[in-house]
Amino acid sequence: MIVFRDIRRVGKQRGVSLCKEDRDALLLKVSQELAKQAILGTVIIPFFLILMLLSSGYYTFMPHLSILLCSLMLIAVSSRSYALYNILHNTDCYREKSLRLLFYSAITMAALWGVISGLFIYHYSFEFPVILILMVSVGIAAGSVSSFFMWRKLALTYLCCAFGPSIVVAGVAGSSALYPVVAAMVFFMIFNICQLKFWNEQFWNNILTTFLYKEQTYQLSQSMTDVEAVMKKNLKRELETESAEAKMRQLFDYSYDGIIIADLDAKILEVNQTMLNFMEELSEEVVGKALAEILQGQEGINGAIRDHFEKAKKGKACSFSCWMRLKSKDYYVRINLRRVLWFDQNVLFLTLRDRTDSTAARAQRNLKQQSLTDSDVYMKAILRGIELPLYCKDLQGHYIAVNETFEKICGKTRDELKGKSDFDVFEVNVAKFFSFRDSEIAVSGESVEVKGTFQLGGYERNLLVHKFPLKNSDHTIYATAGICTDVSTLQKTLQTAQLANEAKSEFLASMSHELRTPMHSILCFARLGEKRASVKDWEKLESYFKMIVTSGDLLLELLNDLLDLSTLEALPACTDFQEYDLGEDVGQIVSEFRAMMDERNITLIYQQPLFSLLSNYNQIRIFQVLRNLLSNAIKFSAPGQDIYIDIGTDHINIDGTMLPAWKVRIIDQGIGIAEEELELVFDKFVQGENKKQPGGGVGLGLAICKRIIEDHNGRVWAEQNEPCGAIFTFLLPFSDGVDP
Ligand code: ADP
């Protein structure tokens, strides 16, 4: 191992003992220093060697030896360069080997130098200026040695190798001219060795001092940095603590929540301003009191307060809401109780938040919301329920709500109207009508009625609008509304009602007349009979009874008609249908009337078909129809006239489908019906202009016929017969008409 013994010695002398790391660091530094100083010699020595060989002519004198020496020198130079490179660039791993290489390559170079010097002296002591060569050699050697003063072993070996051969050759050569040279060389060697010793110690001393100084400076700066960092940290912490404390204090003072800080025995330590405001107390009056005293007697927390304290003391946070009476006022409060570290002390931290307003406000809000929802529901129900067209507009004249009937008469949907003004949706004249006096109502609060006629929703409307304001509970007007009445419909209804009334009066008059006439004759003949009973004029009596029977029959017929009509109108459509032969049934009714017609000298012509005319119907009702039509035909025919009945086929349109039907026609040649009365005669209590004709009646027969035929999905109508008389036709579907 390469050891720099001098460093130990100097260290010992100065009483410095280095640890292993420091020693290694120092050695590394020394090696690198050594390497730096050896760079120059590595270049100069081979340069001068070659220069000497060439300039002295030794190269031509002994070329082989010169080449050999040069080659050896090159090898040594390469090794030394390699060693220097490693030392300068590698810190640790190759240092040992590189130092060894440096040592031996340097010695080799010195030895080669010495050998050449010796050879020169031996061969050319008289022919060449040897002195000059030697002087150059000495200078180079001295320079080289100076770079090795730090490594004494190397330096001594180097000197011996470099000068030894020259001195020996010079001594052997025995030339008196060389003595002074030899003496100078010896002297120079001794001088160098002495210098070496002196420099050596100084060098190591300096090295050690520098190293120690640097080390200490570094350590000092390091500890200074540490101290600085610690101081900075402390300062920062102090500032943070200060600001945190200030913040906490601010939070405590300005918090919207009331805060009480108590020790773990629940004695109040501090109270913030909000809490003092709640309690209407001064800080001095509260601090020092027991927390329970403040909260004692409060509704809802009496029993539980101790439990809450205990819980909080154990470090469990607890919160609860309750009503609390503080001085003069009741508060609904949310209390939060917890244990916290407050300026290095464990305390109970009680926060109290006033929620009175929020709870009450929420309750009020809910109530209002509810009533709004309710009124909305009522409003909608009212709008739906009212059958008259109705609208609501805001004070700017924009529609807020309309009902379905209003939508219908306007021909606009709710969505089309909502938020729009009249002028946005209607023609100018309609818009003017609907908006007329709106603003006046909004100001005066009086309701008004406006009337107008115009085209609306495709119809001519004659509207009467009752406009009125909508007021809040405090009587402020917030909207206007209007209820429309279609006067034209009203007028029509009035007309219909008047007509109905007239018909009723007429009917009553006619009925009373019709009823009175037979009743009168019944009573009349009954009284006559009563008188004649004692006389026992049986023939007369019989004729009276006959008259009574006839009048009774007439009365019965009238009553039957009335009863029939009321039954037909009260009951749903007759559906008791069965299959019958219509031809045969018509024949049956014809034979019923045969005697009557013979009596009146009227001929009834009916050709009963040979085959069955099957159809589904209610036989009793169809008989009723045939009887009514036939009796009318007879009633309005004069003696000697003919009545025809024929049955054919036709089609009837039922719900868009053409169905086959029997067509029955009763044709007479009687007084006939006026053109304008052909439809009217089927209405109840309607009698034609010919009603004055004999036979009576109240105008119900045809109405009953119409109802029966329609119940069968058939149709009945009247026509004029040419040249005189009337034709009554009815169509009866083959099947019942319900399911053809
Ligand atoms: P009434 O019992 O009055 O006859 P109807 O309803 O049977 O009632 O007839 C109504 C009116 O139709 C009759 O008053 C009459 O004017 C007219 N009418 C009905 N049938 C005939 C007919 N065959 N010829 C002329 N007019 C008739």
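For the stretch 92-198, list the helices (runs of 4 or more DSSP H) that sit wholly inside it and hold at least 3 residues that are at pLDDT 70 or above; which are they?
Values: elements: 95-124, 130-146, 152-173.
Result: 95-124, 152-173.
Please work out if Leu508 is farther than 30 Å from Lys451 by Cα and either surrounded by 13 or more Cβ atoms within 10 Å (Cβ to Cβ) or touching an Asp or Glu at 6+ places or on another chain (Cβ under 8 Å) (or both).
Numbers: farther than 30 Å from Lys451 by Cα: yes; either surrounded by 13 or more Cβ atoms within 10 Å (Cβ to Cβ) or touching an Asp or Glu at 6+ places or on another chain (Cβ under 8 Å) (or both): no.
No.
Might you let me know whether the stretch 689-705 holds any residue that is away from the ligand (no atom under 13 Å from the Cβ), surrounded by fewer than 21 Cβ atoms within 10 Å (Cβ to Cβ) and either at pLDDT below 90 or at negative phi (or both)? Lay out the reasoning, then the answer.
Of the residues in the stretch 689-705, the ones away from the ligand (no atom under 13 Å from the Cβ) are none.
Looking through the stretch 689-705, none of the residues is away from the ligand (no atom under 13 Å from the Cβ), surrounded by fewer than 21 Cβ atoms within 10 Å (Cβ to Cβ) and either at pLDDT below 90 or at negative phi (or both).
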- request: Take the residues in the stretch 569-585 that are surrounded by fewer than 16 Cβ atoms within 10 Å (Cβ to Cβ), of a type in the set (D, E, K, R) and assigned to a helix (DSSP H, G or I), then tell me which one is modelled with the lowest pLDDT.
  value: Glu569
task: Could you grab me the full set of residues in the stretch 449-496 that are surrounded by fewer than 11 Cβ atoms within 10 Å (Cβ to Cβ) and not in a strand (DSSP E or B)?
output: Gly458, Asn472, Ser473, Asp474, His475, Thr476, Gln495, Thr496
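Can you report the number of residues in the stretch 284-309 which are at pLDDT 75 or above and buried (at least 19 other Cβ atoms within 10 Å of the Cβ)? Steps first, answer last, please.
Start the filter on the stretch 284-309 by keeping residues that are at pLDDT 75 or above, which leaves 284-291, 308-309.
When the remaining residues are screened for being buried (at least 19 other Cβ atoms within 10 Å of the Cβ), the result is 291, 308-309.
Total satisfying the criteria: 3.
The values are calculated or read from the model by the stated rules, or taken from the named source; none is laboratory data. Being a predicted model, the structure only gives us computed values, none of them experimental. Heads up, the Cβs are rebuilt from the backbone with ideal geometry, glycines too, and the neighbour counts pull from every protein chain shown.
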